[in-house]
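Report on one structure; see the data block that follows.
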Amino acid sequence: MSAGVSEGRNPPPLGRRSYNYDRGSGDSGLIFSCFQRYPAKGFEAVQKRLEGEARAKYILTTGGGYFFVPPPGDAWIDALFAQATGNA
(Lines give C-alpha, C1' and ligand atoms only; values in the text may rest on other atoms or scores of the structure.)
Protein backbone atom coordinates (compact mmCIF):
# COMPACT_ATOMS: atom_id res chain seq x y z
CA MET A 1 0.00 0.00 0.00
CA SER A 2 1.29 3.46 -0.82
CA ALA A 3 2.25 5.79 2.00
CA GLY A 4 0.17 8.45 0.25
CA VAL A 5 -3.06 6.65 1.14
CA SER A 6 -4.92 8.25 4.01
CA GLU A 7 -4.96 6.28 7.25
CA GLY A 8 -8.49 7.39 8.08
CA ARG A 9 -11.69 6.23 6.51
CA ASN A 10 -12.94 9.76 5.87
CA PRO A 11 -10.21 11.66 4.02
CA PRO A 12 -10.95 15.28 3.14
CA PRO A 13 -12.63 15.73 -0.25
CA LEU A 14 -10.03 16.16 -2.96
CA GLY A 15 -11.03 16.63 -6.59
CA ARG A 16 -7.98 15.94 -8.76
CA ARG A 17 -6.97 15.75 -12.39
CA SER A 18 -3.66 14.82 -14.04
CA TYR A 19 -2.44 15.71 -17.52
CA ASN A 20 0.57 14.07 -19.21
CA TYR A 21 2.64 16.07 -21.65
CA ASP A 22 5.56 15.35 -23.97
CA ARG A 23 7.05 18.25 -25.88
CA GLY A 24 9.98 16.25 -27.24
CA SER A 25 13.71 16.46 -26.43
CA GLY A 26 13.13 14.83 -23.04
CA ASP A 27 10.69 17.54 -21.94
CA SER A 28 7.87 15.43 -20.61
CA GLY A 29 6.01 15.19 -17.37
CA LEU A 30 2.73 15.43 -15.55
CA ILE A 31 0.66 18.44 -14.63
CA PHE A 32 -1.51 17.79 -11.59
CA SER A 33 -4.32 19.96 -10.31
CA CYS A 34 -6.61 19.41 -7.37
CA PHE A 35 -9.48 21.25 -5.78
CA GLN A 36 -10.07 21.08 -2.04
CA ARG A 37 -11.22 23.13 0.89
CA TYR A 38 -8.30 22.43 3.25
CA PRO A 39 -4.94 22.00 1.46
CA ALA A 40 -3.08 21.21 4.71
CA LYS A 41 -5.40 18.25 5.39
CA GLY A 42 -5.41 16.99 1.79
CA PHE A 43 -2.61 17.56 -0.71
CA GLU A 44 0.02 18.69 1.81
CA ALA A 45 -0.71 15.72 4.10
CA VAL A 46 -0.32 13.31 1.16
CA GLN A 47 2.99 14.90 0.18
CA LYS A 48 4.32 14.52 3.73
CA ARG A 49 3.31 10.85 3.84
CA LEU A 50 5.13 10.23 0.56
CA GLU A 51 8.49 11.51 1.90
CA GLY A 52 11.00 8.68 1.93
CA GLU A 53 8.88 6.31 -0.16
CA ALA A 54 10.83 4.37 -2.81
CA ARG A 55 9.00 5.98 -5.72
CA ALA A 56 9.30 9.50 -4.29
CA LYS A 57 12.01 10.39 -6.83
CA TYR A 58 9.45 9.85 -9.60
CA ILE A 59 6.73 11.97 -8.03
CA LEU A 60 8.77 14.98 -6.94
CA THR A 61 6.84 18.23 -6.82
CA THR A 62 8.98 20.88 -8.51
CA GLY A 63 6.59 23.82 -8.56
CA GLY A 64 3.10 24.88 -7.82
CA GLY A 65 0.80 27.39 -6.29
CA TYR A 66 -2.43 27.90 -4.41
CA PHE A 67 -5.30 29.62 -6.14
CA PHE A 68 -8.67 30.71 -4.77
CA VAL A 69 -11.63 29.48 -6.83
CA PRO A 70 -14.86 30.97 -5.47
CA PRO A 71 -18.18 29.15 -5.64
CA PRO A 72 -20.77 30.32 -8.17
CA GLY A 73 -22.85 33.35 -7.30
CA ASP A 74 -22.19 36.35 -5.07
CA ALA A 75 -23.15 35.02 -1.63
CA TRP A 76 -19.51 34.28 -0.77
CA ILE A 77 -18.65 37.99 -1.21
CA ASP A 78 -21.23 39.04 1.39
CA ALA A 79 -20.03 36.32 3.79
CA LEU A 80 -16.40 37.38 3.32
CA PHE A 81 -17.10 41.06 4.03
CA ALA A 82 -19.35 40.23 6.98
CA GLN A 83 -16.58 38.17 8.54
CA ALA A 84 -13.95 40.83 7.85
CA THR A 85 -16.04 43.57 9.44
CA GLY A 86 -17.17 41.46 12.39
CA ASN A 87 -20.80 41.31 11.26
CA ALA A 88 -20.86 37.55 10.74
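The values are calculated or read from the model by the stated rules, or taken from the named source; none is laboratory data. Since this is a predicted model, take the numbers as computed values, not measurements. Counting neighbours? That spans all protein chains shown, and the Cβs are built from the backbone with ideal geometry, glycine included. Remember, those area values only see protein heavy atoms, side chains included, never the ligands or the DNA or RNA. Shrake-Rupley method; radii C 1.70, N 1.55, O 1.52, S 1.80 Å.
List of remarks:
- Test: residue in the stretch 45-59 that is at pLDDT below 80 and among the aromatic types (Phe, Trp, Tyr): yes
- Residue, least open to solvent (accessible area, probe 1.4 Å), within the stretch 18-39, restricted to residues that are over 14 Å from Phe67 (Cα atoms) and not in a strand (DSSP E or B): Gly24
- Subset of the stretch 40-83 that is β-branched (Val, Ile, Thr) and in a loop (DSSP other than H, G, I, E, B) - its residue that is most open to solvent (accessible area, probe 1.4 Å): Thr62
- Qualifying residue in the stretch 63-74 (condition: touching a helix residue (DSSP H, G or I) at 6+ places or on another chain (Cβ under 8 Å) and not aliphatic (A, V, I, L, M)): yes
- Scanning the stretch 1-17 for residues being at pLDDT below 85, open to solvent by 50 Å² or more (accessible area, probe 1.4 Å) and not in a loop (DSSP other than H, G, I, E, B) gives a total of 1.
- For the stretch 62-88, filtering for residues that are farther than 27 Å from Phe32 by Cα and of a type in the set (Val, Ile, Thr) leaves 2.
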